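Enquirer: Below you will find the structure I want to go over with you.
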Amino acid sequence: MTQVIQLDPEQPDQQAIECAASIIREGGLVAFPTETVYGLGANAMNESAVEKIFKAKGRPADNPLIAHVCDRQMLDLVAGGVSKTAERLIQEFWPGPLTLVLERKPEVARSVSAGLATVAVRMPRNAIALGLIRTSRTPIAAPSANTSGKPSPTTAAHVLDDLGGRIDMILDGGSTNIGIESTVLDVTADTPVILRPGWVTREMLMRIIGPVEQVEYGEQLRHSPGTRHRHYSPRARVILLERGSPELIEKVCRDHLKDGVVGFIGHTPVNIANPDFKPIILEEKAAEYARLIYSALRALDDQGAVMIVLEGISDAGEGVAVMDRLRRAAS
Ligand code: TXA
Ligand code: MG
């Protein structure tokens, strides 16, 4: 049985948080909201607890997790070699959607790092997440709380759909505000490298610390173990039109309607008078795409779409992270 507890995201009830924290301390699994997506948490210092995360998600064992901390001191429990550069980023962006890859401390459960010498750490900007970590008095390992390969969850209902019955508790704090996962930045190299683009952009990082490299889409495979696995994909086939004209979009959608329900997620209004055509029109803004893309993919899956056509946005600034997720969904 999975217990779902509704909480005020600004001022969560401390009794409920204590209940969740005791599950974490006893080695159980609790899903909780962050500002990006929902995470599936376990005590990061407890090997058998962390292994349960991999089992519940069906996550490949070679894909490492992010350790979540609630303050600067807790970082020292999981990571060492925190450079001046890393400290400056922490000052500027924590709590927030920036994950730092650092030297791993031996006390961290091995499977958090999937055998690597490094560990990914972040401090989420969400009162429920921070309260849970503080009350548990331990760093919490948490990947996104979806079944491996599915879009990340942005509501408690998404988590329940994927993991209901397989985890102990879900803390429901409503929809997450950003909607896509954190930026993952490797700061162990001389020049920091973005392994996964996110809401903290390369430009924002460079303003604080100077040169930052961005691993190209194909190159990511070698650097960030997680990115080589199938990711962010709904059941339906997905086509990405990086820059679609209204005519092209309409043609592609029409072509596939003979196969069944066709979903469209984009900013160009398309009119096709066919009950099997399911358009979801978003504003042409990175923030709107980020916030709604995963729930839109899930909604179209639930409606039995055989094909989902995605329309891209500008691949700059925050749009880089959005386009990264759209490409993955379509790959
Ligand atoms: O916003 C987020 O980051 C969410 C919330 C819950 O915090 N978490 C999340 O976790 O997206 P997950 O497990 O779905 O993605 C973690 C990413 C993966 O791509 C993984 O390969 C990478 O971080 N990662 C973790 N540890 C790493 C390490 N030591 N070196 C390189 N990449 C690492
Ligand atoms: Mg994930």
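The values are calculated or read from the model by the stated rules, or taken from the named source; none is laboratory data. If you're wondering where the values come from, they're calculated on a predicted model, not measured in any experiment. When we count neighbours, we look across all protein chains shown, and the Cβ atoms used for this are built from the backbone with ideal geometry, even at glycine.
Enquirer: Could you tell me whether any residue of segment 170-182 is away from ligand 2 (no atom under 16 Å from the Cβ), not in a loop (DSSP other than H, G, I, E, B) and not acidic (Asp, Glu)?
Expert: yes
Enquirer: Which of the residues spanning segment 20-55 are within 15 Å of Leu163 (Cα to Cα), touching a helix residue (DSSP H, G or I) at 6+ places or on another chain (Cβ under 6 Å) and within 16 Å of ligand 2 (Cβ to nearest atom)?
Expert: Listed by number, the residues that qualify are Leu29, Ala31, Phe32, Pro33, Tyr38, Leu40, Ala42.
Enquirer: Give segment 33-87 a look and list any residue that's β-branched (Val, Ile, Thr) and farther than 20 Å from Thr118 by Cβ, or say none.
Expert: Thr34, Thr36, Val37
Enquirer: Can you tell me which residue within segment 130-149, out of those that are within 16 Å of ligand 2 (Cβ to nearest atom) and in contact with a strand residue (DSSP E or B) (Cβ under 9 Å, 6 or more places away or on another chain), is farthest from Cys70 (Cα to Cα)?
Expert: Among residues in segment 130-149 that are within 16 Å of ligand 2 (Cβ to nearest atom) and in contact with a strand residue (DSSP E or B) (Cβ under 9 Å, 6 or more places away or on another chain), the one farthest from Cys70 (Cα to Cα) is Asn146.
Enquirer: When you look at Gln11, is it surrounded by fewer than 23 Cβ atoms within 10 Å (Cβ to Cβ), without any contact (Cβ under 8 Å) to a residue 24 or more places away in the chain and more than 18 Å from Ala109 (Cα to Cα), yes or no?
Expert: When the stated conditions are applied, Gln11 does not pass them.
Enquirer: Would you tally the residues in segment 253-285 being surrounded by 18 or more Cβ atoms within 10 Å (Cβ to Cβ) and outside any loop (DSSP other than H, G, I, E, B)?
Expert: 10
Enquirer: State all residues of segment 221-272 that are at pLDDT below 95 and small (Gly, Ala, Ser); if no residue qualifies, say none.
Expert: Passing the criteria: Ser224, Gly226, Ser233, Ala236, Gly244, Ser245.
Enquirer: Out of (1) outside any loop (DSSP other than H, G, I, E, B); (2) surrounded by fewer than 19 Cβ atoms within 10 Å (Cβ to Cβ), what's the single condition that is false for Leu132?
Expert: The failed condition is (2).
Enquirer: Just checking, how many residues over segment 192-217 are assigned to a helix (DSSP H, G or I) and over 20 Å from the mean Cα position of the chain (by Cα)?
Expert: So the answer is 5.
Enquirer: Tell me yes or no: at least one residue of segment 113-125 is under 28 Å from Leu297 (Cβ atoms) and part of a helix (DSSP H, G or I).
Expert: Within segment 113-125, not a single residue is under 28 Å from Leu297 (Cβ atoms) and part of a helix (DSSP H, G or I).
Enquirer: Are there any pairs, at least 6 apart or on different chains, whose C-beta atoms fall under 6 Å, with the first in segment 220-245 and β-branched (Val, Ile, Thr) and the second within 10 Å of ligand 1 (Cβ to nearest atom) and at pLDDT below 90, and if so, which?
Expert: Every condition considered, the pairs that remain are Thr227/Gln220.
To keep it simple, each residue is scored yes or no on (1) among the polar types (S, T, N, Q); (2) buried (at least 16 other Cβ atoms within 10 Å of the Cβ); (3) within 18 Å of Ser144 (Cα to Cα).
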residue: Gln3; (1), (2), (3): yes, no, no
residue: Ala16; (1), (2), (3): no, yes, no
residue: Arg25; (1), (2), (3): no, no, no
residue: Gly41; (1), (2), (3): no, yes, yes
residue: Met45; (1), (2), (3): no, yes, no
residue: Phe54; (1), (2), (3): no, yes, yes
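Enquirer: Could you please find all residues in segment 116-161 being of a type outside the set (Gly, Ala, Ser), farther than 18 Å from Leu100 by Cβ and without any contact (Cβ under 8 Å) to a residue 60 or more places away in the chain?
Expert: Listed by number, the list is empty, since nothing qualifies.
Enquirer: In the list Pro64, Pro60, Pro95, which residue meets the criterion of being part of a loop (DSSP other than H, G, I, E, B), in contact with a strand residue (DSSP E or B) (Cβ under 9 Å, 6 or more places away or on another chain) and within 16 Å of ligand 2 (Cβ to nearest atom)?
Expert: Pro64
Enquirer: Suppose we filter segment 23-55 for residues that are in a helix (DSSP H, G or I) and within 13 Å of ligand 1 (Cβ to nearest atom); how many remain?
Expert: Residues flagged as in a helix (DSSP H, G or I) and within 13 Å of ligand 1 (Cβ to nearest atom) within segment 23-55 amount to 3.
Enquirer: Turning to a different aspect of this structure: Quick one: in segment 286-326, which of the residues that are touching a Leu at 6+ places or on another chain (Cβ under 9 Å) and more than 20 Å from Pro153 (Cβ to Cβ) is surrounded by the most Cβ atoms within 10 Å (Cβ to Cβ)?
Expert: Checking each candidate, the answer is Val309.
Enquirer: I'm told Thr99 meets every condition in (1) under 28 Å from Glu203 (Cβ atoms); (2) surrounded by fewer than 21 Cβ atoms within 10 Å (Cβ to Cβ); (3) within 14 Å of ligand 1 (Cβ to nearest atom) except one. Can you identify the failing condition by its number?
Expert: It is condition (2) that Thr99 fails.
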